[in-house]
Amino acid sequence: MYVCNCNGVRASQVDAAIEAGAAKPAAVLAHHGCEPQCCRCLPEIAARIKDRQRGHIDDRAALIAAE
Ligand code: FES
């Protein structure tokens, strides 16, 4: 599934960039050598960043609770 149609960036590529440390939508695109063009994808990328960050927080909370 493409998240950014202008640059042909797929959801899996967005997630890989986030895992590599990209914390802003433009950084996600830059990770793949792209720049925002129409910017329609930026809210979706921002939502994926938030979901990932929330997931990491939930994972840490689960680890702490398990200790
Ligand atoms: S859809 Fe990503 S810049 Fe246009």
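Here are some notes:
- Principal-axis analysis of the Cα atoms of the chain puts helix 42-66 at an angle of about 10° to the longest axis.
- Scanning residues 5 or more positions from VAL9 or on other chains, those with amide H under 5 Å from its amide H are VAL3, CYS4, with H placed 1.01 Å from N in the peptide plane.
- Cα Rg over Rh - the chain, Kirkwood: 1.08
- Candidates SER12, PRO36, ALA62 compared by Cα position along the dipole of the chain: farthest toward the positive end lies PRO36, with charges placed on Cβ.
Throughout, read-outs are computed from the coordinates displayed, never taken from laboratory work. All values derive from a computational prediction rather than experimental measurement. Please note: Cβ atoms are built from the backbone with ideal geometry, for glycine as well, and neighbour counts cover all protein chains shown.
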